[in-house]
Number of protein chains: 2
Amino acid sequence: MARKSTAEGGLRERKKRATRDALVEAAVRLAAEHGAERVTVEAISDAAGVSTRTFFNYFDSRDDAFVMIGAEANARVRQAVLAAPPGLSPLQVLRDAIAAELAEVEERHELWSLHAMVLRTSPRLLVRALGVHTADERELAEVLAERIDVGSRSSDRATPSASEDERRNPTPRLYPRLLAAVGVTAVRVAVEHWCERPDGVAFGDVFHDVFEHLAAGLPAPAEETGRN
Amino acid sequence: MARKSTAEGGLRERKKRATRDALVEAAVRLAAEHGAERVTVEAISDAAGVSTRTFFNYFDSRDDAFVMIGAEANARVRQAVLAAPPGLSPLQVLRDAIAAELAEVEERHELWSLHAMVLRTSPRLLVRALGVHTADERELAEVLAERIDVGSRSSDRATPSASEDERRNPTPRLYPRLLAAVGVTAVRVAVEHWCERPDGVAFGDVFHDVFEHLAAGLPAPAEETGRN
DNA sequence: TCCCAACTTGCAGAGTCTGCATTTTTGCAT
DNA sequence: ATGCAAAAATGCAGACTCTGCAAGTTGGGA
């Protein structure tokens, strides 16, 4: 009931999303099979049932099709941050908001695995993916700033009309930006570390450890801690 | 005396470096003047006095020329980490190692300013730059791991033959990876924040604040702190 | 001095990406 | 239902990016 996956908007919106998803999925599958460098836009477009010209109506570049998976998760994380219960520290709020999305990934597990494989075999795409993810930080930083303000000041702002906020504080403050950036980075490190482990550590554990390190101020870890 | 800029290697090496620098500088200047999207490889190559084919012997893609500035700083940071005095926490070591490079940037200040402007006006290149920088984390994580080991265990390893290290610990550990990633991220946030401030805050102050936040575990900042 | 390896270059060709005009599809009001 | 306007898809021409290959230059060691 909480999340209705993909059923919002009219037919137009849904069809557009379907085409986009089809292109992304075709791109990832073809790349996993033949190697990303040997997959042309024409092949992707054919597999998705559209013209090559249409491909470029959806993506600015060929590589975007390999990278633009989960592009909607960010919006959900932001929403979760705003809906977080009071009494939590900013870092906790962010951790919980992200943790909620992890389940989402497990649903489409197969495609995400293929995606991870593609990135692992193509440094160029990995670099691009890293950049794209970190580019979302600005938006995340804004909602974090709002959440922090609501938590510390008197709480009376049901309508998040950003205009007043922006006018009062044209320069985004350092702390929210840092928190957002570090949070995104922490998730990325957790995922990378987890992918490289041959042993079957649960991702949740790695995720937990990473945020423990952050909350503690990144001190040198004690010798021989459990899964360090 | 400490740093000899660019004078290492034979003529061949120097010439190569000169060509590379010429291409980067031409790319950045042309992009700052005409907009990055309207600068062709041919224009860059002409300005640097080489053929377009030679351009692609140096860079995998056109965009790399706009992004590959300061590609040597990373190696110096790693060296500084290894040469850090004992008794400092890992986070302090990293902070000081990076701080030493900040002076470097001020020397070539003009080109770096142009570079920042180019990235600011071209989101696509910004994304690429972010990815490239975060890609350096792996190497940084390795030297941080080594430094941490030397600091905590008995210290008798003058020769850093990485082979033994790699064999004993094939899977990079979580903490060094996290520290490296967060450190790089912190610097990036500091730079971005500083660039966006109209007031003339010293970069050193922002840099200092960022690492204070990290060392404290990213708690919610107190209301109305100085430059927050 | 002579030679090899590294570097540069031109060229051909495949593939990426954009602008524009045209056709098809969708949302909506009648 | 039906017609209309906006949105989307398409085909096509053309500029630009990038690669492999073969031939020509140059630096550095034997």
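Restricting A:Ala36, A:Ala18 to those that are surrounded by 12 or more Cβ atoms within 10 Å (Cβ to Cβ), at pLDDT 95 or above and under 22 Å from A:Phe66 (Cα atoms) reduces the list to A:Ala36. Among the residues making up the range A:109-140, those that are touching a Phe, Trp or Tyr at 6+ places or on another chain (Cβ under 9 Å), in a helix (DSSP H, G or I) and of a type outside the set (D, E, K, R) are A:His115, A:Val118, A:Leu119, A:Leu125, A:Ala129. Residues in the range A:85-97 that are touching a residue at least 40 places away in the same chain (Cβ under 8 Å) and either within 13 Å of DNA strand C (Cβ to nearest atom) or buried (at least 18 other Cβ atoms within 10 Å of the Cβ) (or both): A:Pro90, A:Leu91, A:Val93, A:Leu94, A:Arg95.
Residues of the range B:26-48 that are among the acidic types (Asp, Glu) and more than 13 Å from DNA strand C (Cβ to nearest atom): B:Glu33 alone. Of all the residues in the range A:67-79, those that are free of Cβ contacts under 8 Å to residues at least 60 places away in the same chain and open to solvent by less than 50 Å² (accessible area, probe 1.4 Å) number 4.
Report those helices (runs of 4 or more DSSP H) wholly inside the range A:39-108 carrying at least 1 residues which are more than 14 Å from chain B (Cβ to nearest Cβ) and within 13 Å of DNA strand D (Cβ to nearest atom). If you could, list the steps in order and put the result at the bottom.
On the way: elements: A:41-48, A:52-58, A:64-67, A:73-82, A:90-107.
Because the criterion is at least 1 residues that are more than 14 Å from chain B (Cβ to nearest Cβ) and within 13 Å of DNA strand D (Cβ to nearest atom), the helices (runs of 4 or more DSSP H) in the range A:39-108 that meet it are A:41-48, A:52-58.
Of everything in the range A:197-226 that's within 8 Å of another protein chain (Cβ to nearest Cβ) and at pLDDT below 80, which residue is least open to solvent (accessible area, probe 1.4 Å)? Walk me through how you get there before you give the answer.
In the first step, residues of the range A:197-226 are kept if they are within 8 Å of another protein chain (Cβ to nearest Cβ); the result is A:197-198, A:206, A:209-210, A:213-221, A:223.
Cutting the leftovers down to at pLDDT below 80 gives us A:197-198, A:223.
Working: A:Arg197: 51, A:Pro198: 115, A:Glu223: 96 Å².
The extreme case among them is A:Arg197.
The values are calculated or read from the model by the stated rules, or taken from the named source; none is laboratory data. As the structure is a computational prediction, the values presented were derived from the model and not from experiment. Because the Cβ atoms are built from the backbone with ideal geometry, glycine has one as well, and the counts that use them run over all protein chains shown. SASA here: full protein model, heavy atoms, side chains in, ligands and nucleic acids out. Shrake-Rupley method; radii C 1.70, N 1.55, O 1.52, S 1.80 Å.
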